[in-house]
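Structure first, then comments.
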Amino acid sequence: MRHLPIVLSLSAALVLSAGVLPAAAQQTKAGDLVIVQPWSRATPGGAKVAGGFLVIENKGAAADTLVGGATGVAAKVEVHEMAVTNGVMTMRELDKGLPIAAGQSVTLKPGGYHIMFTGLKQPLKEGDKVPVTLQFARAGNVDVVFDVRGVGAKDVGTKDAGTKDAGGAHPHK
Ligand SMILES: [Cu+2]
């Protein structure tokens, strides 16, 4: 099944100035689904995993399920859940995927549900754009682009205070 992603590049103003509101959130529509603002975090040297975060809205009348995905920068794209059990933060793979009920939206964010890129083939650097194909049970494959934010970024629109984004931080491509 093929869906051409509608990637709004309203984000030209991107991360250059601090305090940019996420009003110009990147959105991708695929059937009944709207994928909002996928982002990830820069990885420290040698890290083999990275988290991926986004909002998935299901505007349809039927439930869908995020079951996984694929990307060129990692061996696998898994769907994980993070939870505090007896005071200890643990995470596990959702082997049946993450359901998105009809008419609902699900937020994947640090400390909760998230995408996990495992077997990273290269470090993620702030400012990178990482193409990822998300796989849904109903909507099929959906191509999105994850924005890589600073190491300390906590949520959409949040930048760590110490970010040194003087531009030109694109060592390749
Ligand atoms: Cu994880």
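Nothing in this text is a laboratory measurement; each read-out follows from the coordinates by a stated rule. The shown structure was predicted, so the numbers you read here are calculated from the model rather than taken from an experiment. No Cβ is skipped: glycine too gets one built from the backbone with ideal geometry, and neighbour counts run over all protein chains shown.
A few comments on the model shown:
- Along segment 64-80 the Karplus relation, 6.51 cos²θ - 1.76 cosθ + 1.60 evaluated at θ = phi - 60°, assigns HN-Hα couplings of 10, 9, 7, 9, x, x, 8, 7, x, 8, 9, 5, 9, 10, 10, 9, 10 Hz to successive residues, with x for each Gly and Pro.
- Estimated from the Cβ-Cβ distance and a Förster radius of 22 angstrom, the FRET efficiency linking ALA25 and VAL88 is about 0.10.
- Couplings 3J(HN,Hα) of segment 45-59, computed from phi: x, x, 4, 9, 10, 8, x, x, 9, 5, 10, 10, 9, 10, 8 Hz, in residue order, whole Hz [Karplus 6.51 cos²θ - 1.76 cosθ + 1.60, θ = phi - 60°; x for Gly and Pro].
- The H on the amide N of GLN27, modeled in the peptide plane, is under 5 Å from the matching H of LEU8, GLN37, each at least 5 residues off or on a different chain.
- Cα gyration tensor, segment 26-149 - rounded (a/c under 1.5), prolate or oblate: oblate
- Charge-dipole axis of segment 26-149 as Lys and Arg at +1 and Asp and Glu at -1 on Cβ define it, positive-most pick from GLY60, GLY97, GLN37: GLN37
- Relative exposure of ARG138, ARG41, ARG149, judged by other C-beta atoms within 10 Å (fewest first): ARG138, ARG41, ARG149
- Segment 65-117: C-alpha gyration tensor shape, a/c 1.5 cut-off, then a/b vs b/c: oblate
- Note that segment 121-136 has calculated 3J(HN,Hα) couplings of 8, 7, x, 8, 10, 3, x, 5, 10, 10, x, 9, 9, 8, 10, 10 Hz, one per residue in order, obtained from phi through the Karplus relation 6.51 cos²θ - 1.76 cosθ + 1.60 (θ = phi - 60°); glycine and proline are x.
- Distance (nanometres) between label positions extended 7 Å along Cα→Cβ at ALA61 and ASP95: 3.5
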